[in-house]
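For reference, the structure is listed below as structure tokens.
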Amino acid sequence: MDERAIARCLARMASEIVERARGTEQLVIIGIQRRGVELAARLKRLIDDAESSHVAFGKLDITLYRDDLQAVGPRPMVGETTLPELDGKIVIIVDDVLYTGRTVRAALDECADFGRPRRILLCVLIDRGGRELPIQADIIGVTVSTGAADRVDVLVRELDGEDAVAVVRGG
Amino acid sequence: MPTPLGKDLTALEYLSADQIRLILDTAEPFKEVSERQIKKVPALRGKTIVNLFFEASTRTRISFEFAEKRLSADTVNVASTGSSVSKGETLVDTARNLEAMHIDMVVIRHHASGSAEFLGKRIRSSVINAGDGKHEHPTQGLLDILTLRDKFGKIEGLKVAICGDLLHSRVGRSNIHGLLKLGAEVAVCGPASLLPRDVESLGVTVIPHIEDAIQWADALNILRLQLERMTAGYIPSLREYNRVFGLTAARLDQAPKDLVIMHPGPMNRGVEIDSEVADGPHSVILPQVTNGVAVRMAVLYLLAGGAPDWAQGGGSE
Amino acid sequence: MSRPILLRGGRVIDPSRGSDGIADVLLQGGRIEAVGLNIIAPDGAQVVECAGKVVAPGLIDVHVHLREPGQEDLETVATGAMAAVAGGFTGICAMPNTDPVCDNQGVVGFVIAQAQRAAKARVFPIGAVSLGQKGQQLAEFGELVGAGAVAVSDDGKPVASSHLMRMALEYAKTFGIPVADHCEDPTLAAGGSMHEGIISTRLGLKGIPAAAEEIMVARDILLAELTGGHVHLCHMSTRGSVDLIRRAKDMGLKVTAEACPHHFALTHESCLGYNTNAKMNPPLREDLDREAIRQGLKDGTIDVIATDHAPHHYDAKEREFDDAPNGIIGLETAFGLAMSELVNTGLLSLPELLLRMSTTPARTFNLPGGTLATGAPGDVVVLDPAVQWVVKPDAFFSKSRNTPFAGRTLTGRADLTIVRGQVAFQRTS
């Protein structure tokens, strides 16, 4: 996907979010570190522009909730977590790629420590299949079928200098 | 990329500047965890940590306990006073017995300098030095430096004066090593009878009078004066110590800038520091305590694994 | 009666007569029979080819802790005497800080009897200065000397009371024995576990300042002057001490001094990492102190090299630095260290070294040996001055293993040690 394709996708996803949440009052958009945060910020801007709203926004770092921390090895760097009030809200968790589902599981656990949303919806730019847990995305940019040897690279302007999605077939 | 911290944290003297910065940076997100409603993350779930305290200590032990529990680790406190010889069981045997119960980490405070390193070489569990004799108290040094970084934004070029009984102070030593590695200018200030031999060789300047330290420094770290020093003859009396070396409000008023005042605690109010100063606007003594938990969480988190994975991105799972 | 022994073709160095050259040495009847060229071996003699080796009077160590009676698990007279001959020593002086203290003829006699039973190195007991080494009442020097003691010392501890030290020096004159003092000001040194300096500061350990030794050295020198007695200063470690001793000798006072191999080989840097095998008293000092000790050995300010061989149990040393006992063993590494650090560096010649390790110790304490003169006791050592060997504590003959030199490659060691004209040690590997 190139920059324009991504922009079109995000625009469509933004209006889907508002539709599913039936408005913006109870809406909270949370991005998963790191690229999820950038995408979530863009979605928030698109929604605020379209709806003249100030949608609540949060950043979530799931490192401390990962299920592979018990393995001895290099410690991942822990990023920033700041969340607004979650009780009774409709929370949209945003990430760039949905693959095994483990990141989302960690995100759900972490949100539960912060409050009790009314509903949580998952929004991802790319769903690449390959789930290892029973997790599904509610709002999807593009679905791609991939194998374990393949790689999906999402680049965002804020971190990588350009917007792009590339699927690199391995093996 | 800093080399991995290794199995143990026994001394700041053994860390590189990068490694120290790694710990401080890792402490930042942990500050936030302590501000949540649910002050717990599952990062160290299932790990068993033993707090082996051979010296009475409330605040350090509690700080470590909070750090451990907020990381979801299981904690066991073992308190013991007296030397190995008098107790009849050596330090190594105590630790090996614990290790036979499959623990992951030991936090040790002991009256013998070198005891943390001694233990670290003999057991497989990670060892964290919570104060060994007069040698070092690395997590205290780290939290002091983090507090300074919070206040000033950086450590490089900062002028820090450590005041008091340097001779017997492990906090002093850790601060000296950590601050110098990060590029601060460090001075020590106190009665000559309480300054260690050849202390300048560590890279610090000696400022004999606290008034001059106040003129020079950006921050003062006031060390606790232990009452035993008087009986041992190092200083004639506490009253004289306060009169000549104490950080009084009157002395602090002479400061040309907004001095930051630190103290590792517990304080002897009216001896090394007056209440007015300790409770005043320049004091960061309470933020030090808050940072203590975050720093200790960072240390536990890092030692339970290895070095951080700097490679980010490429798609999450 | 043992077989005669002919040591053929070695470099024979006799510091007592200043001789150094290729020669043969014949031992017979427990004594030196002859030293010369082309000696014919008598019937039944054991002939040892010594080409490439050095033949010298047996080394003598005037400062050894044998731990018997009382701590036989660390060392016994027998194992210590064996370690001694393995190190090239034909005679050692046993310090009295045993349990019970060697302050009466019973213990002196016991030590001598044990040594005779072991039939290895000669053991010369040193009696205590004060009863129980408590520093209060003089021990009975006459009784001690009569039983075989060659000197008195409260080593382990200083003679803290200057009055008692004076009395000891004066009284000892009657018997012609030296008073050997462990020079340490007790209040200055109290609680210290290493040299007071930059390393003790970094390690957070209480230090023992050089002044603690120098104060007592100065005091003992003044008392030697006052009394005319002979004071022997044990294990000197600081440059200040060396200076004081040099001046005392210039004044002609009866002051002798010893230094240990670890003080001319190591510095306080060996304590880094809290290495308890670098913990001893007096402690390892600074570079300048080490240099001064070496110079002192060169110019004779330090008369002898002694080991202060101090066996300790592995468990005892496997402790936090503060709690670990002081001392390291040294009998089996002394010559190798001396060759590596003093001779091979060009500071001392081999004859000068042997003077410090054999002849002068004998003279200082009035002991038999230290010479290859005809009729002298048959205490001879054959040394290999060039062999390189790795220190392996498990191979030691001593019962204990507490040495900081494990794994180090040294040059030079004893091949054959003969005591009373009989082979007491022969190196097999």
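Restricting to the stretch A:37-82, name every residue that is within 7 Å of chain B (Cβ to nearest Cβ), touching a residue at least 40 places away in the same chain (Cβ under 8 Å) and of a type in the set (D, E, K, R).
Result: A:GLU80, single match.
Name, by its number, the condition in (1) under 30 Å from A:THR100 (Cβ atoms); (2) surrounded by fewer than 20 Cβ atoms within 10 Å (Cβ to Cβ); (3) modelled with pLDDT of 95 or more that does not hold for B:ALA298.
Just one mismatch for B:ALA298, condition (2).
Could we say that A:ARG157 is at pLDDT below 95 and farther than 25 Å from A:VAL18 by Cβ here?
Against the criterion (at pLDDT below 95 and farther than 25 Å from A:VAL18 by Cβ), A:ARG157 does not qualify.
What residue, of C:VAL123, C:VAL159, is of a type in the set (Val, Ile, Thr), touching a residue at least 24 places away in the same chain (Cβ under 8 Å) and not in a strand (DSSP E or B)?
C:VAL159
Look through the stretch C:182-200, keep the residues that are surrounded by 23 or more Cβ atoms within 10 Å (Cβ to Cβ) and polar (S, T, N, Q), and return whichever of them is nearest to the other protein chains (Cβ to nearest Cβ).
The extreme case among them is C:SER200.
Mind listing whichever residues of the stretch B:160-202 are surrounded by fewer than 16 Cβ atoms within 10 Å (Cβ to Cβ) and more than 11 Å from every other protein chain (Cβ to nearest Cβ)?
Passing the criteria: B:GLY183, B:ALA192, B:SER193.
For the stretch C:275-320, enumerate the residues that are in a loop (DSSP other than H, G, I, E, B), out of contact with any strand residue (DSSP E or B) (no Cβ under 8 Å at 6 or more places or on another chain) and farther than 14 Å from C:LEU342 by Cβ.
Result: C:ASN275, C:MET280, C:ALA310, C:PRO311, C:HIS312, C:HIS313, C:GLU318, C:ARG319.
When you check A:SER15 against the structure, is it outside any helix (DSSP H, G or I) and out of contact with any Pro (no Cβ under 8 Å at 6 or more places or on another chain), yes or no?
no
Restricting to the stretch B:1-31, what's the tally of residues that are among the charged types (D, E, K, R), facing another protein chain (nearest Cβ under 9 Å) and crowded, with 16+ Cβ neighbours inside 10 Å?
Residues flagged as among the charged types (D, E, K, R), facing another protein chain (nearest Cβ under 9 Å) and crowded, with 16+ Cβ neighbours inside 10 Å within the stretch B:1-31 amount to 2.
List pairs: first in the stretch A:126-154 and at positive phi, second of a type outside the set (Ser, Thr, Tyr), Cβ under 7 Å, 6+ apart or cross-chain?
From the stretch A:126-154, the pairs are A:GLY130/A:ALA148.
Being in contact with a Pro (Cβ under 8 Å, 6 or more places away or on another chain) and either among the acidic types (Asp, Glu) or more than 20 Å from C:GLY132 (Cβ to Cβ) (or both) is the filter; apply it to the stretch C:155-181 and report the residue that is surrounded by the most Cβ atoms within 10 Å (Cβ to Cβ).
Out of the qualifying residues, it is C:ASP181.
Which of the strands (runs of 3 or more DSSP E) contained wholly in the stretch B:1-117 include at least 1 residues that are farther than 30 Å from B:LEU202 by Cβ?
In the stretch B:1-117, B:48-53, B:74-79 are the strands (runs of 3 or more DSSP E) which contain 1 or more residues that are farther than 30 Å from B:LEU202 by Cβ.
Do you know which of the residues in the stretch C:158-172 that are of a type outside the set (S, T, N, Q) and farther than 11 Å from C:VAL231 by Cβ is farthest from the chain's Cα centre (by Cα)?
That would be C:HIS163.
Of the residues that make up the stretch C:211-226, is at least one within 25 Å of the chain's Cα centre (by Cα) and within 14 Å of another protein chain (Cβ to nearest Cβ)?
yes
Output the residues belonging to the stretch A:139-154 that are closer than 30 Å to A:ARG119 by Cα and surrounded by fewer than 18 Cβ atoms within 10 Å (Cβ to Cβ).
A:ILE140, A:VAL142, A:THR143, A:VAL144, A:SER145, A:ASP153
Kindly list the number of the only condition in (1) over 21 Å from the mean Cα position of the chain (by Cα); (2) at pLDDT below 90; (3) not aliphatic (A, V, I, L, M) that fails for B:THR58.
Only one criterion is unmet by B:THR58, namely (1).
Got a sec? Which of C:PRO385, C:PRO368 is in a strand (DSSP E or B), touching a helix residue (DSSP H, G or I) at 6+ places or on another chain (Cβ under 9 Å) and surrounded by fewer than 24 Cβ atoms within 10 Å (Cβ to Cβ)?
None of the others qualify; the one that does is C:PRO385.
Mind checking which pairs have a first residue in the stretch C:21-47 that is of a type in the set (S, T, N, Q) and a second that is surrounded by 15 or more Cβ atoms within 10 Å (Cβ to Cβ) and modelled with pLDDT under 95, Cβ under 6 Å, 6 or more apart or different chains?
Taking only residues 6 or more apart or on different chains, the pairs are C:GLN46/C:ARG3.
Looking at the stretch C:209-268 only, could you name the residues that are without any contact (Cβ under 8 Å) to a residue 24 or more places away in the chain and on the phi > 0 side of the Ramachandran plot?
Answer for the stretch C:209-268, where residues must be without any contact (Cβ under 8 Å) to a residue 24 or more places away in the chain and on the phi > 0 side of the Ramachandran plot: just C:GLY252.
So for the stretch B:170-192 (the condition being touching a strand residue (DSSP E or B) at 6+ places or on another chain (Cβ under 7 Å), acidic (Asp, Glu) and modelled with pLDDT of 95 or more), does at least one residue qualify?
Yes; the residues of the stretch B:170-192 include at least one that is touching a strand residue (DSSP E or B) at 6+ places or on another chain (Cβ under 7 Å), acidic (Asp, Glu) and modelled with pLDDT of 95 or more.
For the stretch C:207-225, which residues satisfy the criterion of being closer than 16 Å to C:ARG239 by Cα and among the hydrophobic types (A, V, I, L, M, F, W, C)?
Result: C:ILE208, C:ALA210, C:ALA211, C:ALA212, C:ILE215, C:MET216, C:VAL217, C:ALA218, C:ILE221.
Looking at (1) of a type in the set (Ser, Thr, Tyr); (2) in a loop (DSSP other than H, G, I, E, B); (3) crowded, with 21+ Cβ neighbours inside 10 Å, which one does A:THR103 not meet, given that it meets all the others?
Of the numbered conditions (1) of a type in the set (Ser, Thr, Tyr); (2) in a loop (DSSP other than H, G, I, E, B); (3) crowded, with 21+ Cβ neighbours inside 10 Å, the odd one out for A:THR103 is (2).
For the stretch B:121-140, does any single residue satisfy the condition of being more than 16 Å from B:HIS177 (Cα to Cα), among the acidic types (Asp, Glu) and modelled with pLDDT of 90 or more?
So far as the stretch B:121-140 goes, no, none of its residues is more than 16 Å from B:HIS177 (Cα to Cα), among the acidic types (Asp, Glu) and modelled with pLDDT of 90 or more.
The values are calculated or read from the model by the stated rules, or taken from the named source; none is laboratory data. Predicted, not measured: the structure shown is a model, and the values here were computed from it. Methodologically, a virtual Cβ is constructed for each residue, glycine included, from the backbone with ideal geometry; neighbour enumeration extends over all protein chains shown.
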